[in-house]
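Q: This is the structure I want to talk about, given as structure tokens.
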Amino acid sequence: MARSKKTAAVPSQRPPVPLATLETLQRQQDGQDLLRVITCGNVDDGKSTLIGRLLWESQQLLDDQFDALQKESKKYGTQGDQLDFALLVDGLAAEREQGITIDIAYRFFGTSQRRFIIADTPGHQQYTRNMVTAASTADVAVLLVDARNGIQTQTRRHAYLASLMGVRRIVLAINKMDLVAYSNTVFTRISEEFAAFTATFNFASVTAIPLSALKGDNLSERSPHMPWYTGPTLLGYLETVKIEPPAGDVPVFPVQWVNRPDASFRGFSGTVAQGRFSVGDEIRVTASGQTSHIAEIVTMDGSLANAARGDAVTLRLASEIDASRGDILSLANAPLDMTDQLEATLIWTDTDPGLVGRSYHIKLATQTAAASITKIKHEIDVNTLAHNASKQLGLNSITVCTLALSKPLVFENYEKSKPLGSFILIDRYSNATVAIGMVRHNLRRAQNVHKQALSINREAREKLNGHRGKVIWLTGLSGSGKSTIANALEVALHAEGKRTYLLDGDNVRQGLNRDLGFTDADRVENIRRIAEVAKLMLDAGTIVITAFISPFRREREMARELIGEENFVEVYMNAPLEVCEGRDPKGLYKKARAGQLPNLSGIGSPYEAPLAPQFTIDSGRHSIDECVALLMKEGLA
């Protein structure tokens, strides 16, 4: 059963307000709307305490929860003999021990007016990704500020992120007013500073409320300590604020899977992302342009005449069309746009930096593709909102970039459509989410550049050459023998009448890549360009030999995928570091040891050895002729 607020000693001794109990909420929830709220702000500004107090005020605590709160307040609490309401929300052991929020904590509660899902988000900058995740579905953001400290860097960051994620209504909850003697002057100063900072943000409204989450001032009823405040209480605001419908109204249905339980039924399952679909509507597969009509909308509870945003359904069509997971369905008379180049705002969430040219996986709705950052336009300073130059993306940075995709995807501007305007970037090796992105617009050149059909193709060129094209990719430390073996291999192939070309690292840097240095970002771009050139030469039917350190697995894998698994042969020149350093044909190791060359692979910069190369050659144990003979014997070329 729910426990009355009167049964425990709490900071506020005011009588309970007439809020709905759990039993009446259960009866009343049908027909009530649902408000999604996040609390955010700087560390220790009182977010968890605020939510815990709201749960208390709305009589949402059961007997066992209350008993547990009493025990844990004595063990972990920070309020002496009184209840520590933050413990109702901080569920992880680390959160209770440290007194901080780490993960997102979702809590449900309700009143006679409305139901709520409220998310408590971390205040620490290192958990920015958690705040962004919660903000992506929120209707209202309650941004807490400690009245003693005023606006902090993380306050500005969370305000900017809330605006970026499309939260249009903000409550500036100026908390801990009891610790500044309920000063109107303090409240006014903080309110005005925040209004000035967010003047250019796309907020529909900002409502400042002075309160004390711990003592209950201005939470559910007006505080007698602040007679100068005439605005709404926090709960009163949340009960009455108008929920605006999502901006996008064009019907969008991302296909999650093809549902075919038997030969008599075939449908497309997914969740309606936005808009409404009805039986009889003519729909279009965006990528292929195929059309059909909806014959039936199937659910676990029977068929529907209509399906609206948020409904998980299966669409059975009147005719067979070719569609699968990743396809996007729309109404035939409301087609969607596609692009393979776009500009987006990225929130970087990984400790490894984001680099221009590095390849990632992109997931937009149910669509997936390879994606690479082609340009970093600027990084946004959350304190000043200035646009600063940047060469790489760091943890929690907010950056505007351009991206190139391996194939066109259905998209929309994020402000117009969250489902088609939001995406994530995923690391190709760890599968970790490295960035959260919001589409700004597609690049015009993506629509102005079209692939030209050629009369002479690769097969025709290979027939003329008398052999198949191939890319032989030699990788290894400086001094491992890449250039030497590559040159000798080309001589042997040339003697057999094969058409070849050798791309050597030093030679290419004297022309095509002379603008690149040796930072990680430059190395990534260096290999990206080489992979593109090698692909063109492969299309000419040529055997291409590359001799590059190519230190990062991600870029070698990108080259493999770009060129094609069947055309790509990775040769690892596995000479030990001491052997390479002993040779030191260019004097690079000597410079590196003297501190004159800080980014030499294997010394000041990492070299990631291949995990499964087709060939491994130890040039320290074999002569040049033996190495070439081994490759030729194995049919490498």
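Q: Can you find a residue in the stretch 420-441 that is exposed (fewer than 14 other Cβ atoms within 10 Å of the Cβ), part of a loop (DSSP other than H, G, I, E, B) and at pLDDT 90 or above?
A: yes
Q: Taking Lys451 as meeting all but one of (1) at pLDDT 90 or above; (2) part of a loop (DSSP other than H, G, I, E, B); (3) of a type in the set (D, E, K, R); (4) not assigned by TED's automatic domain parsing to the domain that holds Phe568, write down the number of the exception.
A: In the conditions (1) at pLDDT 90 or above; (2) part of a loop (DSSP other than H, G, I, E, B); (3) of a type in the set (D, E, K, R); (4) not assigned by TED's automatic domain parsing to the domain that holds Phe568, Lys451 misses (1) alone.
Q: I've got another one for you. From the list Asn507, Asn574, Asn599, which residue is surrounded by fewer than 19 Cβ atoms within 10 Å (Cβ to Cβ) and in contact with a strand residue (DSSP E or B) (Cβ under 8 Å, 6 or more places away or on another chain)? Reasoning before the result, please.
A: Numbers: Asn507 fails: in contact with a strand residue (DSSP E or B) (Cβ under 8 Å, 6 or more places away or on another chain); Asn574 fails: surrounded by fewer than 19 Cβ atoms within 10 Å (Cβ to Cβ).
The match here is Asn599.
Q: Further question on the same structure: Could you pull out the residue among Leu464, Leu493, Leu538, Leu477 that is over 39 Å from the mean Cα position of the chain (by Cα), within 23 Å of Met573 (Cα to Cα) and not basic (Lys, Arg)?
A: Numbers: Leu464 fails: within 23 Å of Met573 (Cα to Cα); Leu538 fails: over 39 Å from the mean Cα position of the chain (by Cα); Leu477 fails: over 39 Å from the mean Cα position of the chain (by Cα).
Selected residue: Leu493, the only one of Leu464, Leu493, Leu538, Leu477 that is over 39 Å from the mean Cα position of the chain (by Cα), within 23 Å of Met573 (Cα to Cα) and not basic (Lys, Arg).
Q: Inside the stretch 521-637, counting only strands (runs of 3 or more DSSP E) that do not spill past its ends, which hold 1 or more residues that are in contact with a His (Cβ under 9 Å, 6 or more places away or on another chain)?
A: Values: elements: 543-547, 568-573, 615-617.
Ranges flagged: 543-547.
Q: Residues in the stretch 482-516 that are small (Gly, Ala, Ser), out of contact with any Gly (no Cβ under 8 Å at 6 or more places or on another chain) and touching a residue at least 60 places away in the same chain (Cβ under 8 Å): how many? Give the steps one after another, and end with the answer.
A: Applying the first criterion (small (Gly, Ala, Ser)) to the stretch 482-516 yields 483, 486, 488, 492, 495, 497, 505, 511.
Going one step further and asking which of them are out of contact with any Gly (no Cβ under 8 Å at 6 or more places or on another chain), we end up with 486, 488, 492, 495, 505, 511.
Okay, now just the ones that are also touching a residue at least 60 places away in the same chain (Cβ under 8 Å), so 486, 488, 492.
Summing the residues that are small (Gly, Ala, Ser), out of contact with any Gly (no Cβ under 8 Å at 6 or more places or on another chain) and touching a residue at least 60 places away in the same chain (Cβ under 8 Å) in the stretch 482-516 gives 3.
So that you can scan it fast, the table gives a plain yes or no per residue for (1) part of a loop (DSSP other than H, G, I, E, B); (2) basic (Lys, Arg); (3) touching an Asp or Glu at 6+ places or on another chain (Cβ under 6 Å); (4) surrounded by fewer than 16 Cβ atoms within 10 Å (Cβ to Cβ):
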| site | (1), (2), (3), (4) |
| --- | --- |
| Arg156 | no, yes, no, no |
| Asp178 | no, no, no, no |
| Glu192 | no, no, no, yes |
| Ala199 | yes, no, no, yes |
| Glu221 | yes, no, no, no |
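Q: Using beta carbons and a limit of 7 Å, which pairs, at least six apart or on different chains, have the first residue in the stretch 594-606 and hydroxyl-bearing (Ser, Thr, Tyr) and the second one surrounded by fewer than 18 Cβ atoms within 10 Å (Cβ to Cβ) and part of a loop (DSSP other than H, G, I, E, B)?
A: Ser605/Asn599
Q: Anything in the stretch 363-395 that is free of Cβ contacts under 8 Å to residues at least 12 places away in the same chain and assigned to a loop (DSSP other than H, G, I, E, B)? List them, or say none.
A: Asp381, Thr384, Ala386, Ala389
Q: Looking at Thr368, Thr339, can you tell me which residue is over 14 Å from the mean Cα position of the chain (by Cα) and among the polar types (S, T, N, Q)? Even if it seems obvious, please write down each step before you answer.
A: Working: Thr368 fails: over 14 Å from the mean Cα position of the chain (by Cα).
Matching residue, one of Thr368, Thr339: Thr339.
Conditions (1) over 24 Å from the mean Cα position of the chain (by Cα); (2) buried (at least 16 other Cβ atoms within 10 Å of the Cβ), marked per residue:
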position	(1), (2)
Asn218	yes, yes
Thr240	yes, no
Val252	no, yes
Trp257	no, no
Ser264	yes, no
Phe268	yes, yes
Arg276	yes, no
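Q: Another question, if that's okay. Please work out if Asn457 is closer than 26 Å to Pro610 by Cα, surrounded by fewer than 17 Cβ atoms within 10 Å (Cβ to Cβ) and either in contact (Cβ under 8 Å) with a residue 24 or more places away in the chain or within 45 Å of the chain's Cα centre (by Cα) (or both).
A: Values: closer than 26 Å to Pro610 by Cα: no; surrounded by fewer than 17 Cβ atoms within 10 Å (Cβ to Cβ): yes; either in contact (Cβ under 8 Å) with a residue 24 or more places away in the chain or within 45 Å of the chain's Cα centre (by Cα) (or both): yes.
Here the answer is no, as Asn457 does not meet what is asked.
The values are calculated or read from the model by the stated rules, or taken from the named source; none is laboratory data. In this text, all values refer to a predicted model and were calculated from it rather than measured experimentally. For neighbour counting, all protein chains shown are included, and Cβ atoms are generated from backbone atoms with ideal geometry for every residue, glycine included.
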